[in-house]
Structure formats: C-alpha cells, structure tokens
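The values are calculated or read from the model by the stated rules, or taken from the named source; none is laboratory data. Note that the coordinates shown come from a computational prediction; the quantities given were computed from them, not determined experimentally. For neighbour counting, all protein chains shown are included, and Cβ atoms are generated from backbone atoms with ideal geometry for every residue, glycine included.
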Amino acid sequence: MTTIAVIGAGITGVTTAYALREQGYDVIVMDRQRYPAMETSFANGGQLSACNAEVWNNTGTVLKGLKWMFKRDAPLLLNPAPTWHKYSWMGEFLYNIRNYEKNTVDTVKLAIAAREPFHRWAKQENIDYDLEERGILHVYQSKKGFEAGIKVSELLAKGGLERSTVTPEEIRTIEPTLQGKYYGGFFTPSDSTGDIHKYTRGLAEACERKGVTFMMDVEVSSIAQAGSKHRIQYISKLTGAPQHPESVEVDALVICAGVGSRKLAAMVGDRINIYPVKGYSITIPLEDEISQTSAPWVSLLDEEAKIVTSRLGNSRFRIAGTAEYNGENRNIRADRVNPLTEWVRYNFSGVSTENAIPWAGLRPMMPDMMPRIQTGKQPGVFYNTGHGHLGWTLSAATAEAVTALVHSSIKP
Ligand SMILES: Cc1cc2nc3c(=O)[nH]c(=O)nc-3n(C[C@H](O)[C@H](O)[C@H](O)COP(=O)(O)OP(=O)(O)OC[C@H]3O[C@@H](n4cnc5c(N)ncnc54)[C@H](O)[C@@H]3O)c2cc1C
C-alpha cells in the first residue's frame, strides 16, 4: 500500500486525508498541535461563501488600504516595519491586479464545486457542525460601495453564482434583527454557515475510524529524499529534544500546513510565498432570551466594515473580520477586537457582549489569493495550501483536486 503523509491537521489537511483515504491510500496526518483544527481552522467567520470569492487584488481595495493604513481601528492594518517577505509579497500582490477578474471567476467556480463533496462528507459521517442553510446577506453602507458590488455580482455570475440585489426594505425582511442603516445589498440563498472547528474535528474522527493515523504534537523539522521515499524528521513535543529528531518514511507527502507551508516548501526546494494575514473573531455566548432573539440567523457580510457573521446554533453568535499584515504574530489586541464588539452593539443592541470570547488567526494568503494545488519539484511532493480568506469554503474542492493529482502519478 502507498503511504502518504499529510502535513497539517487544519481543514485543508483533514479534508485531504479523508479524500485520499477514500481512494484507498494509507494516510498519516502529522501536526504540531495536540488536536486537529487548533490554528486558523479554530474560530473563523464560519461562512461557506461563494459570494465572498472576490480576490482582493484590485485598485479600489489597495487605495482603501492605503487610507486605512495608519488608523488603529480600521479593517486593515499594516505594520510598516520592513521585512523582505512582507514587501516581496506585496509586490506580487500588486502585480496580480491584472488577474483580478480571472482569479475571482476561478475562485467562485471552485467554491461552487466544493459544496457537493463538503455536504456529502458531513452527511456520510453524521457530523454536527451547526450548519445553517439560510443564505448570506451582503450589505453596503454607501451608494458607491453598493455600485462597486454590482460589478462584483457580474463577475460572480460569470463563475455560475446567482445573487440577487436587495433594497433596504428587503434587507429588513430577510434579517429582521438587523438595526443598522444600509444603502442596499445582495442576497445569496445558496450559501451557508457552520462551525469550522466542529466540522474538522468530526471529519478527523471519521478519518481515524477509516484507518488514518494521526501523529499529533510533532513539529516537522526537515524533509529529505531517501531513495524512492521521503524521510520526514520531526520533533515530538512530548518526548523529543530538538537535537534528537525522530523520523518516518513515506512514499509521498501533501503539504497542507497553512502559514507553516512556506517553511516546509523551502525544505523540499519549492517557493510557496504564503504571508500570514491576521484576522480576529469574537464568539458571543447568547446566554439570555433577549440576546438569543436579538441575534441574526441569516449570515451577514458588511462590505465596508469588512465584517462577517454566523449564527452557530441557538446559543452562539460569531463575528469576524479585519486584516493585519504583521508577520507570524497571534497576539490578540484590544484595539482590533473592539470594532467587532462595537459593530454588534450598533447593529444588534439587544445582544449582550459581556462574555464575548476573542480569538486571532492567521490566513495563509498567496499574493494572487489563489490556493496552490500542485506538485513540487521533487517527485512525490504535493501541495494543497494557501487558501487565504476562503479555506473553509474551498477545502472540499481542493482536497478532491489534490487527490486526483496524487492519483495521476501514484496509485494506492
Ligand atoms: C478571522 C478569520 C475569519 C475567516 N473567515 C472565513 C470564512 O468565513 N470562510 C472561509 O471560508 N474562510 C475563512 N477564513 C479562512 C480559513 O479559516 C482558512 O483559510 C483556513 O482555516 C486555513 O486552513 P489550513 O488548513 O490551511 O490552515 P490551519 O487551519 O492553520 O492548519 C494548518 C496546520 O498545519 C500545522 N503545521 C504548520 N506547520 C507545521 C509543521 N512544521 N509541523 C507540523 N505541523 C505544522 C498547524 O499546527 C496547523 O494545525 C477566515 C480566517 C480568519 C483568520
């Protein structure tokens, strides 16, 4: 049997392991955390959002970004301290403005392709992840923003996504709890929401039941070719010391390590230029009846505030947003969390934010915002990584794509 190591047990690694196992491969998942889904796949915005497939490489976003750069509570924050990684990434980001339309259309197609396997796997494995199939309501505060959104709708339609234009009155009908004033919006009934952590953990348990081995608490420190195999060295957090790495030999490997993928790619001679783009979420426990009835069930995306929401069952409300270019830094800053809490207060004044739980995660972002599903320079090395702001939405499609790629060169 062919043994494949999947490095990373976030949403991309676990979906990849599942898809590979379904094809009959012997799979080992390796991760430095104690449990699956403890890094970026822990508490994200929860949206399965083909409607949010627009890539950020456009002139309007860059100009807005420049305006926001030095405002502490703006949706985007850049630490201007010079690092080669950050500025080379930004150079490539600007270069990719020319691919804005194509990449947006390709992303929406991928998001639509992901829906079928994503829901099939959840049903097949009986995973409870607080799925809400009530659509996503995209709202705009200004006429200018709304008009820019019409152009995005045209691109999304080219990729096969239908979303309808809605007036302020229709916004109130679709989500009666929303109190803020909005100029207009778009509604995508085919999108949905859920809890990424619960889904990933549920699918990881299904993988284990099907015979996938999970090696947790191991940090991969080097990868070398050993004849026709690959030797993966790792430091065990439980038993190992950095000077005494242990190793495992496999026939092939798939790198699904989120923001850790760039370092792992360098170990096998590849360049995967992922930058960690920090975002925040708050999860509000809806502990009293007023909070429960005041919180929305339909998922929202406030375009100007760059905030997304998900209702996770009756008793949790998740709000996420902001983009921070500040390296591999997971610190939770009060001045970045505060705009999320204030947004809830403005839009849903009956929701108590007293016990909101803050979280920060790092989006594994490529400069063209497109995930990398590809082979490496060395035979037997594959990638499924770099999903940026849409890893939850795209993961099932990219897992199937990388599995097809593996299958085309190595049989189980
Ligand atoms: C605030 C925020 C909101 C978001 N909202 C949404 C949303 O609404 N919808 C959506 O689709 N997406 C959203 N995203 C994006 C989505 O969450 C990510 O794209 C996705 O979680 C990335 O998954 P991953 O598997 O690539 O990375 P991760 O979940 O980070 O998994 C990578 C794993 O690799 C492991 N690893 C790394 N290096 C090594 C090593 N050397 N050795 C061993 N293990 C290693 C890590 O421990 C980790 O477990 C959001 C992200 C953020 C931050």
Q | Positions within region 43-97 being part of a loop (DSSP other than H, G, I, E, B), touching a residue at least 24 places away in the same chain (Cβ under 8 Å) and aliphatic (A, V, I, L, M), in sequence order | A | Ala43, Ala53, Val55
Q. Between residues in region 1-19 that are over 19 Å from His119 (Cα atoms) and residues that are basic (Lys, Arg) and more than 10 Å from the ligand (Cβ to nearest atom), which pairs lie under 9 Å by C-beta distance while being six or more apart or on different chains?
A. Thr2/Lys411; Thr3/Lys229
Q. From the set of residues in region 1-19 that are within 15 Å of the ligand (Cβ to nearest atom) and not β-branched (Val, Ile, Thr), which is surrounded by the most Cβ atoms within 10 Å (Cβ to Cβ)?
A. Ala17
Q: With respect to Thr193, determine if the residue is crowded, with 21+ Cβ neighbours inside 10 Å and not hydrophobic (A, V, I, L, M, F, W, C).
A: yes
Q. Of all the residues that make up region 210-228, how many are assigned to a strand (DSSP E or B), of a type outside the set (Phe, Trp, Tyr) and buried (at least 16 other Cβ atoms within 10 Å of the Cβ)?
A. 6
Q: Residue by residue through region 366-405, note down the ones that are within 10 Å of the chain's Cα centre (by Cα), of a type outside the set (A, V, I, L, M) and within 26 Å of Gly135 (Cβ to Cβ).
A: His387, Gly388, His389, Gly391, Trp392, Thr393, Ser395
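The rows are residues; the columns are (1) touching a helix residue (DSSP H, G or I) at 6+ places or on another chain (Cβ under 7 Å); (2) modelled with pLDDT of 95 or more; (3) surrounded by fewer than 20 Cβ atoms within 10 Å (Cβ to Cβ).
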site: Asp26; (1), (2), (3): no, yes, yes
site: Ala37; (1), (2), (3): yes, yes, no
site: Thr40; (1), (2), (3): yes, yes, no
site: Gly45; (1), (2), (3): no, yes, no
site: Val55; (1), (2), (3): yes, yes, no
site: Lys64; (1), (2), (3): no, no, yes
site: Trp68; (1), (2), (3): no, no, yes
site: Ala81; (1), (2), (3): no, no, yes
site: Tyr87; (1), (2), (3): no, no, yes
Q) Condition test on Thr385, is it of a type in the set (S, T, N, Q), over 29 Å from Thr16 (Cβ atoms) and within 15 Å of the ligand (Cβ to nearest atom)? A) no
**Q.** Hey, Thr239 of a type in the set (Ser, Thr, Tyr), out of contact with any Pro (no Cβ under 9 Å at 6 or more places or on another chain) and farther than 30 Å from Glu303 by Cβ or not
**A.** yes
(Q) I'd like the full set of residues that are closer than 18 Å to Asn355 by Cβ and of a type outside the set (A, V, I, L, M), limited to region 310-329. (A) Ser310, Arg311, Gly313, Asn314, Ser315, Arg316, Phe317, Arg318
Q) Which of the residues that make up region 224-270 are in contact (Cβ under 8 Å) with a residue 40 or more places away in the chain, within 10 Å of the ligand (Cβ to nearest atom) and of a type in the set (A, V, I, L, M, F, W, C)? A) Ile232, Ile255, Cys256, Ala257, Val259, Leu264, Met267
Q) Which condition breaks for Arg363 when tested against (1) under 19 Å from Val108 (Cβ atoms); (2) crowded, with 24+ Cβ neighbours inside 10 Å? A) (2)
Q: Report the residue count in region 314-326 for those that are surrounded by 15 or more Cβ atoms within 10 Å (Cβ to Cβ) and over 17 Å from the mean Cα position of the chain (by Cα).
A: 3
